[in-house]
1. Keeping all protein chains in position, work out how much accessible area MET40 exposes to a 1.4 Å probe, and write it in Å² to the nearest 10.
2. If Lys and Arg each add +1 and Asp and Glu each add -1, what is the summed charge of the other residues whose beta carbon sits under 13 Å from the beta carbon of THR348?
3. Rounded to the nearest 500 deg cm²/dmol, what is the calculated helix-only ellipticity per residue at 222 nm for the chain, with -39500 (n - 2.57) per DSSP H run of length n ≥ 4?
4. Around ASN374, with a cut-off of 9 angstrom between Cβ atoms, what is the net charge of the other residues, counting Lys and Arg +1 and Asp and Glu -1?
5. How much length, in nm to one decimal, is gained on full extension between ASN56 and LYS287, taken as 0.36 nm per residue of separation minus their Cα-Cα distance?
6. Not counting ligands, DNA or RNA, and with a 1.4 Å probe, what is ILE26's accessible surface area in Å² rounded to the nearest 10?
7. Solvent-accessible area per residue for region 412-577 at a 1.4 Å probe radius, Å²?
8. Give me P(r) over region 45-220, computed from all C-alpha to C-alpha distances, binned every 5 Å, as integer percentages.
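The values are calculated or read from the model by the stated rules, or taken from the named source; none is laboratory data. Everything numeric in this text was worked out from a predicted model, so none of it was measured. Because the Cβ atoms are built from the backbone with ideal geometry, glycine has one as well, and the counts that use them run over all protein chains shown. These accessible areas exclude ligands, DNA and RNA; they are computed on the full protein's heavy atoms, side chains included. Shrake-Rupley method; radii C 1.70, N 1.55, O 1.52, S 1.80 Å.
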Amino acid sequence: MVAKLLLTLIYLVMTIRSRAATLPPITDATLTQVAGSLQMFVDELPQMPSLLGYSNGPTSPKPGSLTIGMYRKKWKFHRNLPATTVFAFGTSEDAATVPGPTIEAIKGVPTLVTWQNKLPQTHILPWDSSIPTAIPKKGGVPTVVHLHGGVHESQHDGHPLAWFTSGFKETGSTWSKSTYTYPNVQHSGNLWYHDHTIGLTRVNLLAGLIAAYIIRDPTLDASLNLPSGAEFDRTLIIFDRSFNTDGSLYMNFTGTVPAIHPQWQPEYFGHAIIVNGKAWPFMKVQKRKYRFRITNASNARYLQLSLSKGLSFTQVGSDASYLPAPVQMASILLAPSEIADVIIDFSTSTATEIVMNNNAVYPFPSGNPVDNLNSKVMKFIIVPKNPTIPDSSRIPASLVSYKASTTDTATKRRYIVLYEYTTPSGSSTHLYINGKRYEDPVTETPKSGSTEIWEVINLTNDNHPLHIHLATFQAIKVQSISNPTQFTSCMAQKNDAVACNVASYLTPPSTGNGVPANEMTWKNTVKMAPATQTTVVVKFNLVETNSLWPFDATTTPGYVYHCHILDHEDNAMIRPLQLV
């Protein structure tokens, strides 16, 4: 059995290498030329199709059932770019889109989704079997869907090993259900759903398997009176892609260290910025307030978003939670998977056109500066006449204060250490949490309903968006590590922050707690800056009521936490999380 598996792996590696040897080389200059040939702001911003995750009962909403498939199809990212082969979510192949349909749910009303894999026998992108990867014996593209930010039993979480191929011909070791139940018991907010297959997350998302999910609370929504309705409450899903001259998706198929990983590279960065499936689109807006739920769905690119002509954002939420009060922001930094819920008031602008820009270096925070392509995101064209519907919305002085407190007594303090391993020349080979592989025995076993303190130490040069499934957390302090080289050397030998006396290396923030005001709420992704220790309060309960989850969170297969730079997650900055 072992010999057969080794032969399979050798064959797959040789196939990747053979493909890399036969395909013509694509230079960065060619990719830049293709992206640069696409005129900006000529395609109108699409509004993704919406699916109701509930049914309308005679007096109140009832649970709803949806069937959503994953399809291979052609998609036009720009009017002047040939149609691109993608993987897309939809209720049918014709209806499938990139991003997929937005699921609209209501707090407290369950949504049932049957996920169907309609994908072909082979992938449209190169993948690397030298990292821990789902490899079906009979072929096919493995997928499993994770509702990012969702609160539900682990059997419905999209566990990395719960993958399945077309028609469920093969399934992963933890697969058990074709229909997932999302109880929507958490507070209202912004989520998204995407593939979560072990070793293939980066390529499956790059292929197009991403979409938004919104939980609404009609009572709270009415009391806040923020901009509402399909025209004035919009979802923006932003990501980057590169294209070959024939319009196909480009992904480098030569690894940074090909002798170890024939294809894997530590980050993917595209030349074109895509919003709701169109490259650099435009949107016509009225002179009034709009609400935008902005998701960074990039594989690795951070976004530092700003508006031209002096216009600013008013941020009301971060990830799936509201802020205690609105925060005025000239720019917003979004890591991959983060969501910013913002208000833009176009009535305050005398300009007729506003450009949303990006100024985040890549990799973040010490990489390349943006260029004339990836520095632009989209354009708003302000219609000069008065709004067709009077703007009665407002930005309240206060929003939501959740009952769960960051001062609650913590039952345990854990050290979570982020490592990157490199060759002697400095090329990345893999990334681990606490020096452990994903398949190593679980070490994080919090008690359901408890509060923990996680001290997250980042010993790499990258900023890592740490994402936790099921639970929510909040950063309360960020401290720099003085003499990080010396401390890292000790950690390389002992892998024990206490034994290496981490407290003696910490420098308190110069002002405040080091946490930006627009991120001081309960989140599912927290940025971990390099050479820092970030103190995070983790709540393993419902933060809105500070009560237990209304289901058993201790069942198998459990949950995970991981870096949401997808190339890092796949190789293999991900660890199991099992509640007890």
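1. Accessible area, nearest 10 Å²: 40 Å².
2. Net charge around THR348: +2.
3. Mean residue ellipticity, 222 nm, calculated: -3000 deg cm²/dmol.
4. It works out to a net charge of 0.
5. Taking ASN56 through LYS287 to full extension adds about 79.8 nm, to one decimal.
6. 60 Å²
7. Spelled out: the 1.4 Å probe surface of region 412-577, per residue, equals 36 Å².
8. The calculated distribution, bin by bin, is 2, 8, 17, 21, 19, 15, 9, 6, 2, 1, 0, 0.
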